[in-house]
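Here the structure is laid out as structure tokens; the discussion comes afterwards.
The values are calculated or read from the model by the stated rules, or taken from the named source; none is laboratory data. All figures in this text were calculated on a predicted structure; none of them were measured in a lab. Cβ sites come from the backbone with ideal geometry, for glycine too, and all protein chains shown count toward neighbours.
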Amino acid sequence: MINTNLVKSAFATSLLICALATGASAKDGVLRIGTEGDAPKFSMADPSGKVTGFDADIANGICAELKLKCEFVVQTFSSLVPSMDSDRFDVIISGLGITAERQKKIDYSIPYATTPLYFAVAKDSPLAGLKSLAEIEKALQGKSVGVVTGTTYARFMEKRMHGADLKTYDAVTQLTADLASGRIDVAFADSPTWMDFFATPDGANFTRIDLKIMAMDDPDVLGHGMGVGMRKGNTELKTKVDAALCKMINDGKVKEASMHWFQDDYTIPCKK
């Protein structure tokens, strides 16, 4: 009689060996890319496993510059760093913010993009025509300003808007609801928040103040933007990825991808 448990065990072992063999290292002209696959506009995987979005465009651009084939590995965002450490893929391209905590575990490429931040107000508000942060700081004295708590945006408001009445919210939906109802004068959030809000009936009568706040405006508070994550010590890969990104930034390819997906330029200039 065949021992089915042994057969199952052998089959499982063979699958594991195959998985490890196909994902052990970057070779044969393939760059394995870990990405979330469930982040609208950034990284979206369809049922067939095809990944599209801003992250995919950045990844495909890097692969084109390095003359490699992109192979996407879709996982939950929280599992990306540990999975890269266990060599399931070579790099992470998934809107990965450069933080001091992550830098203890992984290396990063140069920053290539950051999500812009904007103030939003009613279209007929006198605040809508302001052009500089200094003007806004002065005009918001005594005004109510809303922001989502726990975000870098909230820390930026706390640092810069001392004379404003800062209102904090647990969720974006609460923030936009109070802005729409007139319970706050101004709200501060990232570009995708306003893209979505302005497309709703409640947001139709609102606009953003024409002042883009970027991570490099205050990196100590807002961070350093998005970078490609890599295992520590892989200096050869980092050098190649940095060069590819710098070329894409200077050639306008990062801006092109950003404008396509977000109708806004998220590019961080290359300082190499």
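Details
Residue-by-condition table, conditions (1) closer than 16 Å to CYS270 by Cα; (2) surrounded by fewer than 19 Cβ atoms within 10 Å (Cβ to Cβ):
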site	(1), (2)
ASP196	no, yes
VAL221	no, yes
GLY229	no, no
THR239	yes, yes
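- In summary, helices (runs of 4 or more DSSP H) completely within region 177-272 and bearing 1 or more residues that are of a type in the set (Phe, Trp, Tyr) and either out of contact with any Phe, Trp or Tyr (no Cβ under 8 Å at 6 or more places or on another chain) or closer than 26 Å to GLY34 by Cβ (or both) occur at 253-262.
- Checklist (1) touching a residue at least 60 places away in the same chain (Cβ under 8 Å); (2) surrounded by fewer than 16 Cβ atoms within 10 Å (Cβ to Cβ); (3) of a type in the set (Gly, Ala, Ser) applied to GLY61, failing item: (2)
- Residue tally, condition modelled with pLDDT of 95 or more and surrounded by fewer than 19 Cβ atoms within 10 Å (Cβ to Cβ), over region 30-44: 1
- Unmet criterion (only one of (1) over 17 Å from the mean Cα position of the chain (by Cα); (2) among the acidic types (Asp, Glu); (3) modelled with pLDDT under 95) for ASP196: (1)
- Residues in region 210-238 that are touching a strand residue (DSSP E or B) at 6+ places or on another chain (Cβ under 9 Å), under 19 Å from THR152 (Cα atoms) and of a type outside the set (D, E, K, R): LEU211, ILE213, MET214, ALA215, LEU222, GLY223, HIS224, GLY225, MET226, GLY227.
- Entry remark, region 78-98: residues being exposed (fewer than 14 other Cβ atoms within 10 Å of the Cβ) and closer than 20 Å to ALA39 by Cα number 3 in total.
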